[in-house]
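What follows is a set of notes on a single structure, which appears directly below.
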Amino acid sequence: MNRSRREFLQKLTMSSMVLPIVSTYTPQWYGPLHTDVQGPVLRVALMGLGGYAQRVADAMKDCKRAKVTGLVSGTPAKLKEWGSKYNVPERNRYSYETFDDIKNNPDIDAVYVITPNALHHDNVIRAARAGKHVICEKPMAVSVQEGQEMVDACAAAGVQLLIGYRMRFEPNTLEIVNRRNAGEFGKINFFQGQCGFKIGDPNQWRLNKELAGGGALFDIGIYAINGTRYMVGEEPVWVTAQETKTDPTKFKEGVDETIQFQLGFASGAVASCLSTYNMNYLDRFYLNGDKGFAELWPSTGYGPIKGRTHQQPLNHPHIAHQTIQMDEMAAIILDGKKPVLPVDGTTGLQDLKIIEAIYRACATGARQELKLV
Ligand code: NAD
């Protein structure tokens, strides 16, 4: 037995030993436990063989319902190396020039777009026109208009569009969502989301507006935006925001370094969030209601995610988020499963509407009204 499997089983055993002591809750909604996944397999072509695609490909080795069967890259050497590493035959390897031929490939059901943000729009639309379901990394696009065009193109092609919101399948996160839905925290009053890190290499695409769409907000602040929505359980109706830039050389025009934003909800709840590329140790969610609270810290990193409520710690064993995500996405695409939290194109588009409103609020200083539903 390899080490990670042994650690997983140890954690599982420890967790099942402590569960009856710390929790009296029926665990029917704990989310995917990843032990009894059955059904046909979703055959996925990965597009953009960079850092995150590597993590996805490795995590997919443990999937029960999803498998890497295709590759798309502009670098022939990568196609060769990944092809042999992940057992993808030459006939299923594409360049960006040959990619449209994927429509004739019966070995591929879906394309997972993992390229820089500004390329998502064209790549998703090409995949949809080739008749393949599409999974697209966050942020789904760099503008609302682009996002809408992607949703429309997938609908017109009759394919599904899902966004790689891995936290929407994470078991500790889902436990909080379900406890909130069951009324354990009472009326929700407040959420705080802190998301950020100190970004390194000033020449990377994440600091180039042309490829990234913006700065920290599109990349890491989006976790606070998306998290606010699933933690509060409501769509925001207004936003205010303030931008701070301490290093205009590294963070050029249109590339945000730090933004604080506040969201308001029809219920009266409010949220206060921080998005930054220039501070470390920021990965924390805190939800407050009139009967209790929940905390996730770390809340959106690759895990293990740690959390607690006013009553108990959360103890779900760590499984790679991308493994759970891809098995769940297979069930959504192949079985029509309805996830606890949606991950469809409309959900991604709502984040883009909030992002654009935050930038408008920074530029004008004025509160922006939101109409998401
Ligand atoms: P990366 O730089 O490591 O990889 C990007 C890949 O795209 C590279 O292989 C690069 O060669 C390729 N590419 C294709 N066309 C390109 C072009 N014109 N310019 C530059 N690169 C080009 O980046 P990454 O960290 O893998 O991020 C890719 C996407 O995944 C982004 O949208 C990012 O937001 C998302 N992401 C999501 C998560 C998550 O947890 N869900 C984590 C990291 C990244």
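Residues that are part of a helix (DSSP H, G or I), touching a Ser or Thr at 6+ places or on another chain (Cβ under 9 Å) and either away from the ligand (no atom under 16 Å from the Cβ) or open to solvent by 30 Å² or more (accessible area, probe 1.4 Å) (or both) occur at least once in the range 139-156. Among the residues of the range 295-309, is there at least one that is part of a strand (DSSP E or B) and under 30 Å from CYS362 (Cα atoms)? Yes, there is a match, as at least one residue in the range 295-309 is part of a strand (DSSP E or B) and under 30 Å from CYS362 (Cα atoms). For the range 268-286, the count of residues that are open to solvent by 10 Å² or more (accessible area, probe 1.4 Å), assigned to a loop (DSSP other than H, G, I, E, B) and farther than 30 Å from LEU207 by Cβ is nonzero. Taking the condition within 23 Å of ASN117 (Cα to Cα) and not hydrophobic (A, V, I, L, M, F, W, C), does TYR223 pass? Yes; evaluated as a whole, the condition is true for this residue. Beta carbons closer than 8 Å, at least 6 apart along the sequence or on distinct chains, pair a first residue in the range 281-301 that is of a type in the set (Val, Ile, Thr) with a second that is open to solvent by 10 Å² or more (accessible area, probe 1.4 Å) for THR300/TYR223; THR300/ASP283. Candidates in the range 51-69 are the residues that are touching a helix residue (DSSP H, G or I) at 6+ places or on another chain (Cβ under 8 Å) and of a type in the set (Lys, Arg); of these, the one that is least open to solvent (accessible area, probe 1.4 Å) is ARG65. Figure legend. Inter-residue proximity from the range 153-178: first residues within 27 Å of ASN288 (Cα to Cα), second residues assigned to a helix (DSSP H, G or I) and more than 16 Å from the ligand (Cβ to nearest atom), beta-carbon distance below 6 Å, spacing 6+ or different chains. Indicated pairs: ASN178/TRP29.
The values are calculated or read from the model by the stated rules, or taken from the named source; none is laboratory data. Keep in mind that this is a model prediction, so the values were computed, not measured. Ideal geometry is used to build each Cβ from the backbone, glycine not excepted, and the neighbour counts take in all protein chains shown. Note: accessible area is taken over every heavy atom of the protein model, side chains too, but ligands, DNA and RNA are not part of it. Shrake-Rupley method; radii C 1.70, N 1.55, O 1.52, S 1.80 Å.
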